[in-house]
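This report refers to the structure that appears directly beneath it.
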Amino acid sequence: HPNIIVTLTNIAQIHKHNGDHQSALRMYRDALVKQRKVLGPDHPKVADTLSCIGQIQYQRSGFILALDVFQEVLRIRRLAYGDDNLEVASALNSIGLVLFKQGVNDLSFESFLESLRIRR
């Protein structure tokens, strides 16, 4: 039921706010499984939940995991919205941040430039 998904993500947000990333990830992943089942794997809400998971991985310095997640977010958002959408720009910015933290400055720069192009 969609209300269960909303409740799970709300609880995850509280855990994240309180710094309990492990519990937040557990709630987000539970919501993600249900979203994929109910909405399908390429629904924008799936991308939103994945983005929250990616943000936590980034905060925990799990850059490889965060990059994988943000790339999936980008794929879904491009599929849902096209290439020139602010949600796509946000995903590109997140990818740029992860790549920067990994020291992959050329790709980071490209990602930031593409995000900026869309936002203008």
How much solvent-accessible surface does residue 70 expose, in Å² to the nearest 10, with a 1.4 Å probe and all protein chains in place?
10
Sum -39500 (n - 2.57) across every DSSP H segment of at least 4 residues in the chain, then divide by the residue count to get the 222 nm mean residue ellipticity, nearest 500.
-28000 deg cm²/dmol
Once the Cβ-Cβ distance between residue 3 and residue 68 is put in as r, and R0 is 22 Å, what FRET efficiency do you end up with, to the nearest 0.05?
0.15
Report Rg/Rh for the chain, rounded to two decimals, where Rg is the Cα radius of gyration and Rh the Kirkwood radius.
0.99
Using 0.36 nm per residue, how much length does the chain from residue 83 to residue 18 gain when fully extended, once their Cα-Cα distance is taken away?
19.9 nm
Here the FRET efficiency for residue 119 versus residue 59, based on Cβ atoms and R0 = 25 Å and rounded to 0.05, is 0.60
Probe radius 1.4 Å, ligands and nucleic acids ignored: give me the carbon and sulfur share of the accessible area of the chain as a rounded percent.
55
Place the peptides 4-15, 21-32 in order of packing, highest mean first, counting for every residue the other Cβ atoms within 10 Å and averaging per peptide.
21-32, 4-15
With a probe of 1.4 Å, find how much accessible area the chain has per residue, and write the answer as a whole number in Å².
58
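The values are calculated or read from the model by the stated rules, or taken from the named source; none is laboratory data. What you see is a predicted model; the values in this text were computed from it and never measured. When we count neighbours, we look across all protein chains shown, and the Cβ atoms used for this are built from the backbone with ideal geometry, even at glycine. What goes into the accessible areas is simple: the full protein's heavy atoms, side chains included, and nothing from ligands, DNA or RNA. Shrake-Rupley method; radii C 1.70, N 1.55, O 1.52, S 1.80 Å.
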